[in-house]
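Chemist: Below: one structure in structure tokens.
The values are calculated or read from the model by the stated rules, or taken from the named source; none is laboratory data. Fair warning: this is a prediction, and the values are worked out from it, not measured in the lab. A quick note on method: Cβ atoms are made from the backbone with ideal geometry, for glycine too, and the neighbour counts reach across all protein chains shown. We work out accessible area using only protein heavy atoms, side chains counted, and drop any ligands, DNA or RNA first. Shrake-Rupley method; radii C 1.70, N 1.55, O 1.52, S 1.80 Å.
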Amino acid sequence: MHLPNPAPIDAAAVLAWYDTHARDLPWRVSPADRARGMAPDPYRIWLSEVMLQQTTVAAVKAYFLRFTSLWPTVFDLAAAPLDAVLKEWAGLGYYARARNLHACAQAVVNQHGGKFPTTSTSLQTLPGIGAYTSAAIAAICFDEPVAVLDGNLDRVLARYYALPVPVRDAKEELRAALQASVPGRAGDFAQAMMDLGATICAPRTAICMLCPIQPGCVGTKAADPALYPLKAAKAERPVRKGHAFVMTDPAGDVYLQTRPDKGLLAKMTEVPTSDWAVDLPAVAYPVQGDWHHRGQVIHIFTHFRLELEIWSAAVAPTGLDKGWWAEPKALKGEALPTLFRKVLAAAGLE
DNA sequence: AAAGCGGGGGT
DNA sequence: ACCCCAGCTTT
């Protein structure tokens, strides 16, 4: 074991800090309102938590406000077409989240009468809700005394315990240590610890002087807390290359199509491309036309770097049947991931 | 247990 | 250039 006898976090100190330093977030019930008995809306907490998976608060805010404006309740979201949800999600990334979000809304409506389950165990059976999100919803909405452990908390706890191994190799120990620290105000505690990780114990800077749990922090005693968490070996990012084809018809409309149901950017909108390969494939234009090279687009995915050669041409609107022709001014409303917005921009559209 | 899956902002 | 973020699902 790496933590033979981990001291619990001083939850009272964390909560006292939170009472005066809680961030003001669109989906949050403030600690003062919570103390008055105001309870968070599980729909809004769920929506925010799904959006926040691997995504920063700053990026989420506008999407959250847009979604709750369009679909104020889980019934509204469940009744929306998946296409509309994907369009609104475009640009936020990890598009499986949007498909699971829609499926989850429908499950809540059709199988739970429109009410979210109230325990972490039952929440975890829903699409797109895993260990973290189920715990977060149960704690924040229903004060279930459960450990809410995310990447943010991994870092805080690795520092607090001066964890001598990468977090990956001690995940359950950290969870047990956090679980042993959860107080009655479980929801506020969960949110407080995340605020602590975001504002005090941040990835590169730890403002230990302001930290409510600095007295018990082994990382500050033993060494520089910023040394933690220890990093596992890094994997190199491979490169893939391909061609992208932007076609306009005599009316100036752009040819778009829908990506396959599974895999990368599933069901999102794209322009035709070649395969993406280690060696740049030979150019094979989709149809005849006066093709021009419009430069290169580089896009970084988590697991590879993509380099696309951009080609554009004015073509006759025949011989293409999979997709549709879209007016350039309507591109903003399409379910285009950032990659293909870059492609269209390189071709002089958008 | 490992791999696949986006995008953006901070440093 | 690199890091990392309120992770989940599939294999």
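Chemist: Tell me which residues, restricted to region A:290-310, are out of contact with any Leu (no Cβ under 8 Å at 6 or more places or on another chain) and open to solvent by 40 Å² or more (accessible area, probe 1.4 Å).
Modeler: Of everything in region A:290-310, those that are out of contact with any Leu (no Cβ under 8 Å at 6 or more places or on another chain) and open to solvent by 40 Å² or more (accessible area, probe 1.4 Å) turn out to be A:ASP290, A:HIS292, A:HIS293, A:ARG294, A:THR302, A:HIS303, A:ARG305.
Chemist: For a quick check of your reading of the model, give me the residue pairs whose first member lies in region A:26-50 and is buried (at least 18 other Cβ atoms within 10 Å of the Cβ), whose second is part of a loop (DSSP other than H, G, I, E, B) and among the aromatic types (Phe, Trp, Tyr), with beta-carbon atoms closer than 8 Å and at least 6 apart or on different chains.
Modeler: A:PRO40/A:TRP27; A:PRO42/A:PHE116; A:TYR43/A:PHE116; A:ARG44/A:TRP27; A:ILE45/A:TRP27; A:TRP46/A:PHE116; A:LEU47/A:TRP27; A:SER48/A:TRP27
Chemist: Taking the criterion of being of a type in the set (Ser, Thr, Tyr) and crowded, with 19+ Cβ neighbours inside 10 Å, would at least one residue in region A:119-130 satisfy it?
Modeler: Checked against the condition, which is being of a type in the set (Ser, Thr, Tyr) and crowded, with 19+ Cβ neighbours inside 10 Å, region A:119-130 yields at least one hit.
Chemist: Among the helices (runs of 4 or more DSSP H) contained in region A:8-119, which hold 3 or more residues that are under 20 Å from A:CYS141 (Cα atoms)?
Modeler: By residue number, A:11-21, A:31-35, A:42-51, A:57-70, A:74-79, A:96-112.
Chemist: Is one or more of the residues making up region A:46-67 away from DNA strand B (no atom under 16 Å from the Cβ), within 30 Å of A:PHE301 (Cβ to Cβ) and of a type outside the set (Phe, Trp, Tyr)?
Modeler: First, pick out the residues of region A:46-67 that are away from DNA strand B (no atom under 16 Å from the Cβ): A:46.
The next check asks that each one be within 30 Å of A:PHE301 (Cβ to Cβ); those that pass are A:46.
Now drop any that are not of a type outside the set (Phe, Trp, Tyr), which leaves none.
No, because not a single residue in region A:46-67 is away from DNA strand B (no atom under 16 Å from the Cβ), within 30 Å of A:PHE301 (Cβ to Cβ) and of a type outside the set (Phe, Trp, Tyr).
Chemist: Among the residues of region A:311-320, count how many are under 21 Å from A:LEU265 (Cβ atoms) and open to solvent by 70 Å² or more (accessible area, probe 1.4 Å).
Modeler: 0
Chemist: Given A:GLY114, A:GLY128, which one is more than 13 Å from DNA strand B (Cβ to nearest atom), modelled with pLDDT of 95 or more and of a type outside the set (Asp, Glu)?
Modeler: A:GLY114
Chemist: Give region A:277-289 a look and list any residue that's under 27 Å from A:GLY93 (Cβ atoms) and open to solvent by 90 Å² or more (accessible area, probe 1.4 Å), or say none. Explain how you work it out, then say what you get.
Modeler: Here is the first cut: in region A:277-289, the ones under 27 Å from A:GLY93 (Cβ atoms) are A:277-278, A:280-281.
Hit for region A:277-289 is A:VAL278, nothing else.
Chemist: Just checking, how many residues over region A:120-140 are within 12 Å of DNA strand C (Cβ to nearest atom) and in a helix (DSSP H, G or I)?
Modeler: 12
Chemist: Could I ask something else about it? Quick one: how many residues across region A:251-288 are under 17 Å from A:LYS322 (Cβ atoms) and small (Gly, Ala, Ser)?
Modeler: 4
Chemist: Restricting to region A:52-103, count the residues that are open to solvent by 70 Å² or more (accessible area, probe 1.4 Å), within 28 Å of A:LEU149 (Cα to Cα) and touching a residue at least 12 places away in the same chain (Cβ under 8 Å).
Modeler: So the count comes out to 5.
Chemist: When you go through A:LYS267, A:LYS262 one by one, which is the residue that is of a type outside the set (Ser, Thr, Tyr) and either on the phi < 0 side of the Ramachandran plot or more than 15 Å from DNA strand C (Cβ to nearest atom) (or both)? Full working, then the answer.
Modeler: Numbers: A:LYS267 fails: either on the phi < 0 side of the Ramachandran plot or more than 15 Å from DNA strand C (Cβ to nearest atom) (or both).
Criteria check complete, one pass: A:LYS262.
Chemist: Determine which member of the set A:ARG159, A:ARG175 is touching a residue at least 12 places away in the same chain (Cβ under 8 Å), within 19 Å of A:LEU3 (Cβ to Cβ) and touching a Gly at 6+ places or on another chain (Cβ under 6 Å).
Modeler: Exactly one of A:ARG159, A:ARG175 is touching a residue at least 12 places away in the same chain (Cβ under 8 Å), within 19 Å of A:LEU3 (Cβ to Cβ) and touching a Gly at 6+ places or on another chain (Cβ under 6 Å), namely A:ARG159.
Chemist: Moving to a separate point now. Name the one entry in A:CYS211, A:CYS201 that is away from DNA strand C (no atom under 15 Å from the Cβ) and among the hydrophobic types (A, V, I, L, M, F, W, C).
Modeler: Exactly one residue qualifies, and that residue is A:CYS211.
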